[in-house]
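Asks: I'd like to ask you about the structure that follows.
The values are calculated or read from the model by the stated rules, or taken from the named source; none is laboratory data. None of the values given here were measured: they were computed from a predicted structure. Because the Cβ atoms are built from the backbone with ideal geometry, glycine has one as well, and the counts that use them run over all protein chains shown. Just the protein is used for accessible areas: all its heavy atoms, side chains included, with ligands, DNA and RNA removed. Shrake-Rupley method; radii C 1.70, N 1.55, O 1.52, S 1.80 Å.
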Amino acid sequence: MEIAELIRSLDREGGLLAEAAEEAGVDAKVPTCPEWQVRDLLRHTGMVHRWAAAFVAEGHTSYHPDGGLPELDGSALLTWFRDGHRRLVETLATATPDVECWSFLPAPSPLAFWARRQAHETTVHRVDAESARGGTPTAVPVDFAVDGIDELLLGFHARGRSRVRTDEPRVLRVRASDSDVVWSVRLSAEPPAAEHGEVADADCELAGTAAQLYLALWNRGPFPSVTGDSSIATLWRERSGVTWN
């Protein structure tokens, strides 16, 4: 996806997150993150927005720690979140394409990395906020969901930090019914190795719309369809979580 399109997604998703959080109230439980209330969601996502913006705005070329979580609550917390989100959108939108700064996944440029990462970070947490509010969640566009699955499978879980490992080699297939993109993920004692296409016989296949798979792979919803060895789907559910620390 183009950088400008990702920034527009980030802008939209942050606004939806704030609206849902305000409607739910900061005390509301977050069903998709059972240990959190809405205040925890706002504090975390607002912190990440400021952390990401600092790399681009200040040109940090190595890892730079986040600023920690605020003690704000209620309407002041919502204002703080909206201010940080707006600052991130503006920082990315006005940055020069060749800005140099630290990033942690492969990307065409640091700016492309941060626009993509924050668009998906904010979308997943928007889903969290809407789960706290209740009602029909906002749809995730097909192309955006496909891009997010790419980032998760070919980016996050290609790193040594991924805990999705198997004693014996296995192949997990991920098939989006509303897209022509298929992923094959080779599982072993090493980090998962994902690629596009049906490159090997699958031991387990996860199928559904791109949006359903996007949310399920981020552990924000059930797998719509599982065929083959369901223990591999269970393994993903239990070990694929991406944590801040």
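Asks: Kindly list the number of the only condition in (1) charged (D, E, K, R); (2) surrounded by fewer than 18 Cβ atoms within 10 Å (Cβ to Cβ); (3) within 28 Å of Pro34 (Cβ to Cβ) that fails for Arg117.
Replies: Among (1) charged (D, E, K, R); (2) surrounded by fewer than 18 Cβ atoms within 10 Å (Cβ to Cβ); (3) within 28 Å of Pro34 (Cβ to Cβ), the lone unmet condition for Arg117 is (2).
Asks: Right, Leu6: in a helix (DSSP H, G or I), open to solvent by less than 20 Å² (accessible area, probe 1.4 Å) and not polar (S, T, N, Q) or not?
Replies: When the stated conditions are applied, Leu6 passes them.
Asks: Restricting the search to segment 42-72, which residues are in a helix (DSSP H, G or I) and among the hydroxyl-bearing types (Ser, Thr, Tyr)?
Replies: The answer is Thr45, and nothing else.
Asks: How many residues does segment 198-226 contain that are surrounded by fewer than 16 Cβ atoms within 10 Å (Cβ to Cβ) and either hydroxyl-bearing (Ser, Thr, Tyr) or out of contact with any Ser or Thr (no Cβ under 8 Å at 6 or more places or on another chain) (or both)?
Replies: Residues in segment 198-226 being surrounded by fewer than 16 Cβ atoms within 10 Å (Cβ to Cβ) and either hydroxyl-bearing (Ser, Thr, Tyr) or out of contact with any Ser or Thr (no Cβ under 8 Å at 6 or more places or on another chain) (or both): 3 in total.
Asks: Then there's this: Within segment 176-183, does at least one residue satisfy the condition of being crowded, with 22+ Cβ neighbours inside 10 Å and small (Gly, Ala, Ser)?
Replies: yes
Asks: Of all the residues that make up segment 58-71, how many are touching a Lys or Arg at 6+ places or on another chain (Cβ under 8 Å) and either open to solvent by less than 70 Å² (accessible area, probe 1.4 Å) or of a type in the set (A, V, I, L, M) (or both)?
Replies: Residues in segment 58-71 being touching a Lys or Arg at 6+ places or on another chain (Cβ under 8 Å) and either open to solvent by less than 70 Å² (accessible area, probe 1.4 Å) or of a type in the set (A, V, I, L, M) (or both): 3 in total.
Asks: Looking at (1) touching a residue at least 40 places away in the same chain (Cβ under 8 Å); (2) crowded, with 17+ Cβ neighbours inside 10 Å; (3) touching an Asp or Glu at 6+ places or on another chain (Cβ under 6 Å), which is the one condition that is false for Asp229?
Replies: (2)
Asks: Still on this structure, I have one more. Any chance you could count how many residues in segment 22-41 are within 19 Å of Pro70 (Cα to Cα), part of a helix (DSSP H, G or I) and not charged (D, E, K, R)?
Replies: The qualifying residues number 2.
Asks: Let me ask something else about it. Restricting to segment 20-40, and then to whatever is touching a residue at least 40 places away in the same chain (Cβ under 8 Å) and among the charged types (D, E, K, R), can you tell me which residue is surrounded by the most Cβ atoms within 10 Å (Cβ to Cβ)?
Replies: Once the filter is applied, the top-ranked residue is Glu22.
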